[in-house]
Structure formats: C-alpha cells, structure tokens
Amino acid sequence: MAAREIFAGMPWWVKWVAVPVIALVVFGGLIASVVGFLFGLLFKLLVFVALVGGLIYVVRRFMSSSSSRGDW
C-alpha cells in the first residue's frame, strides 16, 4: 500500500495537522540539534571572517604607517 492510498480516506486534519505534529514530536530533538549546529557553525564562520578581516586591516594599516616613516 502506498502512502497516497493510506491517506486518501483520511480527513484533511489528519494529513495536514496530526501527521506533522507527530513528526515534530518524534523528530523534534533531532531537528533542534541540526538547526542549533548550523547556527553555531554560521556564528563561528562569521567570527572567523571578522577576525581575519580585522587582522588584514591592522596589518595593512601598520605596513602603510611603517613605510611612510622611512627606512630605519
């Protein structure tokens, strides 16, 4: 029996309310873990980009100010 045949005789609220709610109850912890992991990864990526950008800014600023002082 295919899923389409099983759900064909069911009321609309079973297909569109009850089944998604049951799926969220069963897989809710897994979904929350995956979403939390992805947000944590995105946050770490943004911190990495900000730190590398800050480092490049400081190095360029230091290099431009040291080259304008002349040779030691």
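The values are calculated or read from the model by the stated rules, or taken from the named source; none is laboratory data. Only a predicted model underlies this, so the values are computations on that prediction, with no experimental measurement involved. Neighbour counts run over all protein chains shown; Cβ positions are idealised from the backbone, glycine included. Note: areas computed on protein heavy atoms with side chains; ligands, DNA, RNA excluded. Shrake-Rupley method; radii C 1.70, N 1.55, O 1.52, S 1.80 Å.
Quick notes on this structure:
- Members of region 4-18 found to be open to solvent by less than 60 Å² (accessible area, probe 1.4 Å) and assigned to a helix (DSSP H, G or I), listed by number: 14, 18
- Taking first residues from region 20-48 that are assigned to a helix (DSSP H, G or I) and partners that are open to solvent by less than 100 Å² (accessible area, probe 1.4 Å) and not polar (S, T, N, Q), the Cβ contacts under 8 Å between residues at least 6 apart in sequence or on separate chains come to 24/31.
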